[in-house]
Amino acid sequence: MNQLEKKNKVAEAALQYIENGHIVGIGSGSTVNCFIDMLDKVKSKIEAVVSSSELTTKLVESKNIKVIELREAGKIPIYIDGADEANKFKQLIKGGGGALTREKIVAHSSSKFICMVDDSKYVRMLGKFPLPIEVIKMAQSSVAMEMIKLGGRPVLRENFITDNGNVILDIHGLEINEPIKLEELLNNIPGVVTNGIFAIRSADKLLIANEKNIDVI
Ligand code: 5RP
């Protein structure tokens with residue numbers, strides 16, 4: 001089974017978590033796109049969607065499903081998203097698609113976070129995937145210097161501006177053995193909008209697609 005087939009399988013498995021009358025938070029990325037493609041199957045149960053990116057909004061609206069603002073939704077019962085890496089504690093690296101800030105906001109506002117990955121993303125220690133950090137442009141080099149002090153190698157994501165008008169630094173070479181501590185530390189650097197560690201608010205359920213089936217942890 002190739003990676004796209006696994007993404008489709010895990011997306012299909014996530015559909016079962018949607019219940020009647022749910023407002024559904026939806027993340028971003030290619031796995032989420034597979035999930036949105038299948039939403040026709042459960043559309044009648046969905047009251048509205050809170051979206052984490054401009055692209056997700058466009059795709060959900062193309063299915064004639066209502067997208068509302070977070071302030072209108074209040075606490076969201078369920079958030080469904082992908083990730084770039086996940087560990088056994090359901091702590092994640094996200095932001096490969098650059099939507100990490102809105103994703104973290106929606107995840108934080110949700111009662112249950114279902115995360116969909118394929119088995120290539122399930123790792124013992126986070127950090128092989130370069131850690132995305134959304135940064136206010138003015139602070140690009142000062143944040144980069146802080147990352148070098150922490151042992152990372154920051155690379156500016158070329159030709160990319162987030163939905164919030166900021167830049168992304170991808171930090172290579174970090175060994176993230178204490179995800180919550182590092183997430184907090186990075187949050188405290190002036191100019192950092194959001195870092196891609198999702199450990200303070202980790203996933204509640206991790207769905208992992210492998211060759212044969214879906215593991216749920
Ligand atoms: C976007 C994300 C995505 O969830 C993450 O990059 C995984 O993407 P994909 O499903 O395309 O592998 O965090 O900001």
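How many residues does the stretch 87-97 hold that are within 10 Å of the ligand (Cβ to nearest atom) and either open to solvent by 30 Å² or more (accessible area, probe 1.4 Å) or among the aliphatic types (A, V, I, L, M) (or both)? Give the derivation first.
Residues of the stretch 87-97 that are within 10 Å of the ligand (Cβ to nearest atom), as a first pass: 92-97.
If we keep only those that are either open to solvent by 30 Å² or more (accessible area, probe 1.4 Å) or among the aliphatic types (A, V, I, L, M) (or both) as well, we get 92-93, 96-97.
Residues flagged as within 10 Å of the ligand (Cβ to nearest atom) and either open to solvent by 30 Å² or more (accessible area, probe 1.4 Å) or among the aliphatic types (A, V, I, L, M) (or both) within the stretch 87-97 amount to 4.
Within the stretch 60-79, restricting attention to residues that are open to solvent by 20 Å² or more (accessible area, probe 1.4 Å) and in contact with a helix residue (DSSP H, G or I) (Cβ under 6 Å, 6 or more places away or on another chain), the residue that is farthest from V106 (Cα to Cα) is K63. Does I180 count as out of contact with any Cys (no Cβ under 9 Å at 6 or more places or on another chain), among the β-branched types (V, I, T), surrounded by 13 or more Cβ atoms within 10 Å (Cβ to Cβ) and modelled with pLDDT of 95 or more? When the stated conditions are applied, I180 passes them. Within the stretch 1-55, if we keep just the residues that are within 14 Å of the ligand (Cβ to nearest atom) and in contact with a Gly (Cβ under 7 Å, 6 or more places away or on another chain), the residue that is farthest from R102 (Cα to Cα) turns out to be T31.
Among the residues making up the stretch 164-197, those that are farther than 30 Å from Q16 by Cα and assigned to a loop (DSSP other than H, G, I, E, B) are N164, G165, N166, G173, L174, E175, N177, E178, N188, I189, P190, G191.
I'd like to know if the stretch 198-212 contains one or more residues that are in a loop (DSSP other than H, G, I, E, B), polar (S, T, N, Q) and within 15 Å of the ligand (Cβ to nearest atom). Yes, the stretch 198-212 contains a residue that is in a loop (DSSP other than H, G, I, E, B), polar (S, T, N, Q) and within 15 Å of the ligand (Cβ to nearest atom).
For the stretch 56-66, enumerate the residues that are within 16 Å of the ligand (Cβ to nearest atom) and of a type in the set (S, T, Y). Walk me through how you get there before you give the answer.
Going through the stretch 56-66, the residues within 16 Å of the ligand (Cβ to nearest atom) turn out to be 56-60.
If the condition is that a residue be within 16 Å of the ligand (Cβ to nearest atom) and of a type in the set (S, T, Y), then T56, T57 are the ones that fit.
Would you say G82 is touching a helix residue (DSSP H, G or I) at 6+ places or on another chain (Cβ under 6 Å) and closer than 28 Å to P132 by Cα? Yes; evaluated as a whole, the condition is true for this residue.
Might you let me know whether the stretch 26-33 holds any residue that is of a type in the set (G, A, S), open to solvent by 30 Å² or more (accessible area, probe 1.4 Å) and not in a loop (DSSP other than H, G, I, E, B)? Checked the stretch 26-33: at least one residue is of a type in the set (G, A, S), open to solvent by 30 Å² or more (accessible area, probe 1.4 Å) and not in a loop (DSSP other than H, G, I, E, B).
Quick grid of which residues meet (1) open to solvent by less than 30 Å² (accessible area, probe 1.4 Å); (2) at pLDDT 95 or above; (3) more than 14 Å from Q91 (Cβ to Cβ):
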site: R102; (1), (2), (3): no, yes, yes
site: K112; (1), (2), (3): no, yes, yes
site: V117; (1), (2), (3): yes, yes, no
site: S120; (1), (2), (3): no, yes, yes
site: M125; (1), (2), (3): no, yes, no
site: F129; (1), (2), (3): no, yes, no
site: K137; (1), (2), (3): no, yes, yes
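Within the stretch 203-217, being of a type in the set (G, A, S) and under 14 Å from D84 (Cβ atoms) holds for one residue alone: A203.
The values are calculated or read from the model by the stated rules, or taken from the named source; none is laboratory data. Just so it is clear, the model here is predicted, and its values are computed rather than measured. Backbone-built Cβ (ideal geometry, glycine too); neighbour counts: all protein chains shown. With ligands, DNA and RNA removed, areas are computed over all heavy atoms of the protein, side chains included. Shrake-Rupley method; radii C 1.70, N 1.55, O 1.52, S 1.80 Å.
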